[in-house]
Amino acid sequence: MNKRITAWLQAAPIAAVLLAFLVAPIIMIVIVSFWGATEYSIYPAFIFDNYEFLFSSPVTYTVFFNTFKYAAITWALTLVIGFTVAYFLAFEVRTLKWQIALFLLCTIPFWTSNIIRMISWIPFLGRNGLANSTLISWGVIDEPLEWLLFSDFSVILAFVHLYTLFMVVPIFNSMMRIDRSLIEAARDGGASGLQTLRHVIIPLCKPGIMIGTIFVTTLVMGDFITVRFMSGSQRANVGRLISNDISLLQYPSASATAVVLLITVLIVIGLLLRLVDIRKEL
Amino acid sequence: MTTISKIRYSRRALLKTGGAALAASALPAPMVWGQETKNITLRQFGTGVSNLNEVATKVKEDLGITLEMTALDTDSVTQRAATQPDSFDIADIEYFVAKKVWPTGNLQAMDATKITNYDKIVGTFRSGKLTPESTIAQGTAPHTVGFVEGPDGTSFVDNESGWMTLIPTIYNADTLGIRPDLIDRPIESWTELLNPEFKGKASILDISSIGIMDMAMVCEAMGEIQYGDKGNMTREEIDKTFAIFTEAKKNGQFRAFWKTFDESVNLMASGEVVIQSMWSPAITAVRSRGIPCVYQPLKEGYRSWGGGIGLSASLSGMELDAAYEYINWYLSGWVGGFLMRQGYYSAVPETSKNFMSENEWGYWFEGKESTDVITSPFGDKLAGAGEVRDGGSFYDRMGAVACWNSVMQENQYMVRKWNEFIAA
């Protein structure tokens, strides 16, 4: 009995914090999503207008499709790059000192703000930017490439640049835990490098990959500022839909979109967790 | 200890207020620039165009009032005025925003008799007519939301009732900005924004309430749509307008849309865009980098906007007096001169004249050829001697306004359409 009370007490602070700063706001958002709005105010009600409009508008589907598209492409690219970088750090670099040094090197871009890292692409990719003028001076192209900036390409480029580290870190962490004797055993057993990778390393990295995947997909699906800046406001994802509504004081409609987005993201994470039992693997 | 000092403070404050009240009742008429307002802080917010630190510094110097400024974008300004009434004392908002904000009761009406230069305020903000012969443009013309029926008035009236919602501070006539070095021919009409010649090199602003007006100017100039009132469109008109622009967007007409002032400057200066909706100081900013940029007058006229300052409903007592003092100071000329030298207009131009050189007044207000170099208040060279302002004089420009920024009855519908347009 006493023990149980202690356990409850120990769990209480975090429970209180989560309740106050996570659960309560979400409940509030859900409640407001059923409210009504005028030009300048919102009023309590229990109406389904916001959801009705959301599901009846073709824009919603395009925008959700775009959100998934950005998430999927960014995920694939960050996974390949992140895995390669982590593999190099974990297996090719021999000494711990160099591993730490190179790992810190990866984090250097994170010393500046997210927005600055993103915006610095704009002069680089512009019509008269560095990329275009270099390619023209090399004679590779005659006309500046218009699709470099303010396009899906630039949006995804920025996402990959911003979020690859979130893939590197958990995968690197998983790789460092792999018992090296397993790899030796694979080699002794006659496995080629590729076979070792496929049958030993990748399965043992699954939790890392899964954590990285959750980071990247949730970050990309919740983003709005990268899409706005890198597409020159020409593309939209769900985050932008919400931010547009908020800036126009349409809080109930923004809440409804947020609720749908939240549910979508939770389903995605649920599916991912089906694939790998992170708790068990850790 | 803390309680004691608090009590002391409040007693002192009480004495001071009492003293000030005594002084005020003993010496009524001539307003002495504030001894009693020395320690007052007023919190003002607004868009970047007029929330300038120079104004705060100068008002501290002249009146002793501390002005805390917050600069936000147009949408955030509306949001704050409507939803956070306790976060400000003075709201520097646009007239069309007043239509949204006034019904929330967050602002209080101002007594025009306390405004020293009221009679000198430009006609546009009082009767609606710039000159007695002017016709009133479409949209939310400032005088239509400038007055309410009394101190607690909730609805706008169409006469000079003596109770003002906002004191006009700054306004201008907007048009398209172009890069004359990259467009080798004259541009005369709003239709050029959708001219396929500028495919991938055009832009409009992503602020729905203003963007829709630019769109309307274009569609009307193309002869595609005849609007009853561009400032108050029907659903059908909104649908048609967006259909035209969505098609243009899908054909790759636009390079990007911009939301903030600096985005518009960068798009133009970098050559990403050669023709776009723009604000006057953005043209100035591009030019001060040595890049040619023209605020092109167009034959269909200008889209105009006006800003003003409103008082928070919670202002009272000494703070309220200080706010009136600040407003009177604002209209007394220095700020006007400061703003006019950037290309805006002051609500009381004649007081600003004293704060501008003859050359500056001639160039900015009268549309005369400059006799010497024109520099901005920040020291950047804007024009050489012998140049003329784009669009000419104050009366040429403000007299050719075709519509005012506005909030329409179908605003919610329009906003949803705007979202669709952005996502299309």
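The values are calculated or read from the model by the stated rules, or taken from the named source; none is laboratory data. Please read these numbers as outputs of a predicted model, since none were measured by experiment. Cβ placement follows ideal geometry from the backbone for every residue including glycine, while neighbour counts extend to all protein chains displayed.
Please determine, by comparing only the residues of segment B:185-202 that are away from every other protein chain (no Cβ under 14 Å) and among the aliphatic types (A, V, I, L, M), which one is farthest from B:Glu300 (Cα to Cα). Result: B:Leu194. Looking across A:Val63, A:Val59, one residue alone is within 30 Å of A:Ser255 (Cβ to Cβ), buried (at least 16 other Cβ atoms within 10 Å of the Cβ), of a type in the set (A, V, I, L, M) and modelled with pLDDT under 90. It is A:Val59. Quickly run through segment B:395-420 and pick out the residues that are in a loop (DSSP other than H, G, I, E, B) and within 22 Å of the chain's Cα centre (by Cα). B:Gly399, B:Ala400, B:Asn405, B:Ser406, B:Val407, B:Met408, B:Gln409, listed by residue number.
In segment B:91-103, how many residues are under 15 Å from the mean Cα position of the chain (by Cα) and farther than 12 Å from B:Ala141 by Cα?
3
Would you confirm, using the coordinates I've provided, whether A:Glu39 is farther than 12 Å from A:Ala256 by Cα and either within 13 Å of chain B (Cβ to nearest Cβ) or modelled with pLDDT under 90 (or both)? In short, yes.
For the residues B:Asp181, B:Asp229, B:Asp152, the requirement of being among the acidic types (Asp, Glu), touching a residue at least 24 places away in the same chain (Cβ under 8 Å) and closer than 30 Å to A:Glu146 by Cβ singles out B:Asp181. In segment B:217-240 there is at least one residue that is closer than 14 Å to B:Thr175 by Cα and either outside the structural domain of B:Glu410 (by TED's automatic domain parsing) or small (Gly, Ala, Ser) (or both). Within segment B:127-145, is there a residue that is touching a His at 6+ places or on another chain (Cβ under 7 Å), assigned by TED's automatic domain parsing to the domain that holds B:Ser332 and without any contact (Cβ under 8 Å) to a residue 60 or more places away in the chain? Yes. Inspect all residues belonging to segment A:93-115 and state whether any of them is surrounded by fewer than 19 Cβ atoms within 10 Å (Cβ to Cβ), within 14 Å of chain B (Cβ to nearest Cβ) and of a type in the set (A, V, I, L, M). Yes: segment A:93-115 contains one or more residues that are surrounded by fewer than 19 Cβ atoms within 10 Å (Cβ to Cβ), within 14 Å of chain B (Cβ to nearest Cβ) and of a type in the set (A, V, I, L, M).
Against the conditions (1) closer than 15 Å to B:Arg303 by Cα; (2) touching a Cys at 6+ places or on another chain (Cβ under 6 Å), B:Ala221 satisfies every one except (2).
Taken over segment B:255-281, the criterion of being more than 9 Å from every other protein chain (Cβ to nearest Cβ) and touching an Asp or Glu at 6+ places or on another chain (Cβ under 8 Å) is satisfied by B:Thr260, B:Ile275, B:Ser277, B:Met278, B:Trp279, B:Ser280. Of everything in segment B:54-92 that is within 12 Å of chain A (Cβ to nearest Cβ), buried (at least 16 other Cβ atoms within 10 Å of the Cβ) and among the charged types (D, E, K, R), the residue that is nearest to B:Ile309 (Cα to Cα) is B:Arg80. Residues of segment B:105-140 that are over 20 Å from the mean Cα position of the chain (by Cα) and part of a loop (DSSP other than H, G, I, E, B): B:Gly105, B:Thr116, B:Thr131, B:Pro132, B:Glu133, B:Ser134, B:Thr135.
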